[in-house]
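Quick notes on the structure that follows.
Rule-based calculations on the coordinates, nothing more; no lab input. Note that the structure is predicted; figures quoted are calculated from it, not measured. Virtual Cβ from ideal backbone geometry, glycine too; neighbours counted across all protein chains shown.
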Amino acid sequence: QKEVEQNSGPLSVPEGAIASLNCTYSDRGSQSFFWYRQYSGKSPELIMSIYSNGDKEDGRFTAQLNKASQYVSLLIRDSQPSDSATYLCAVNYGGSQGNLIFGKGTKLSVKP
Amino acid sequence: DAGITQSPRYKITETGRQVTLMCHQTWSHSYMFWYRQDLGHGLRLIYYSAAADITDKGEVPDGYVVSRSKTENFPLTLESATRSQTSVYFCASKGSGTSGGGTDTQYFGPGTRLTVL
């Protein structure tokens, strides 16, 4: 069974620190990877997508992918209280439909 | 408004009643999806559709029915609601690319919070 695993948290970091969120997946055939942010009571919104090994940076966010080790991570630099949310890792296992498998999410709390 | 919308946003119904949740997108995306989100389970795929008149089951399809007569609409029907179907339901859509290049990104609607008494 294809799985995506995340620590449920909560992960608590002080304002201005780096928050590190991790995700592992079970199928080596996975092709693309996504990080979504979900505020309480709201819908998931895309933060980053990554398709190749290595780092991808977008503002304060950096996604890291290591296909050999089957993990993907999200770093949030200079964390702000507004970053407090649940972060969902999603993996596209390929196939004609490109459906996503979601992890259960990591709850991040940034303390002022 | 452009984007993906869901209606109603909140719904309370009783066990055994039929309920239909609506989803509408203005991007002309080929693919549309229905998920439910429950504490401890995360997002689980109920049904998806690759195009009008093409639908397929996801991880948890039992008790649900979908149709897609038009590209922009993807209604989800609970034929006889049960308490276990109390959940938050999200509709999502994506373009026709299967991987890479950002074309496989799914975009979510605002959700429908359904309570079955």
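Per the listing B:L43, B:L21, the residue uniquely more than 13 Å from chain A (Cβ to nearest Cβ), under 15 Å from the mean Cα position of the chain (by Cα) and crowded, with 20+ Cβ neighbours inside 10 Å is B:L21.
Only one entry of A:S43, A:S49 meets the criterion of being of a type in the set (G, A, S), in contact with a Lys or Arg (Cβ under 9 Å, 6 or more places away or on another chain) and buried (at least 19 other Cβ atoms within 10 Å of the Cβ), and that entry is A:S49.
Taking region A:43-112 and the strands (runs of 3 or more DSSP E) fully enclosed by it, the elements with 3 or more residues that are within 16 Å of B:D104 (Cβ to Cβ) are at A:45-50, A:85-92, A:100-102.
Scan region A:15-27 and tell me whether some residue there is assigned to a loop (DSSP other than H, G, I, E, B), more than 14 Å from every other protein chain (Cβ to nearest Cβ) and β-branched (V, I, T). Yes: region A:15-27 contains one or more residues that are assigned to a loop (DSSP other than H, G, I, E, B), more than 14 Å from every other protein chain (Cβ to nearest Cβ) and β-branched (V, I, T).
I'm trying to understand the selection: among the residues of region B:1-26, which are within 12 Å of B:S93 (Cα to Cα) and assigned to a loop (DSSP other than H, G, I, E, B)? Matches in region B:1-26: B:G3, B:T26.
Among the residues of region A:24-36, not a single one is touching a residue at least 40 places away in the same chain (Cβ under 8 Å), in contact with a Pro (Cβ under 7 Å, 6 or more places away or on another chain), among the polar types (S, T, N, Q) and under 19 Å from B:Y107 (Cβ atoms). Condition check: within 14 Å of chain A (Cβ to nearest Cβ), in contact (Cβ under 8 Å) with a residue 40 or more places away in the chain and crowded, with 17+ Cβ neighbours inside 10 Å. Does B:G58 satisfy that? So B:G58 fails the test. Figure legend. Inter-residue proximity from region A:5-16: first residues farther than 19 Å from A:R77 by Cβ, second residues assigned to a strand (DSSP E or B), beta-carbon distance below 6 Å, spacing 6+ or different chains. Indicated pairs: A:E5/A:T24; A:Q6/A:C23; A:Q6/A:C89; A:Q6/A:T106; A:N7/A:T106; A:P10/A:K107; A:P10/A:S109. For the residues B:D53, B:D104, the requirement of being touching a Lys or Arg at 6+ places or on another chain (Cβ under 7 Å), facing another protein chain (nearest Cβ under 8 Å) and not hydroxyl-bearing (S, T, Y) singles out B:D104. Is region A:55-70 home to any residue that is over 18 Å from B:F108 (Cβ atoms), touching a strand residue (DSSP E or B) at 6+ places or on another chain (Cβ under 7 Å) and of a type in the set (K, R)? Looking through region A:55-70, at least one residue is over 18 Å from B:F108 (Cβ atoms), touching a strand residue (DSSP E or B) at 6+ places or on another chain (Cβ under 7 Å) and of a type in the set (K, R).
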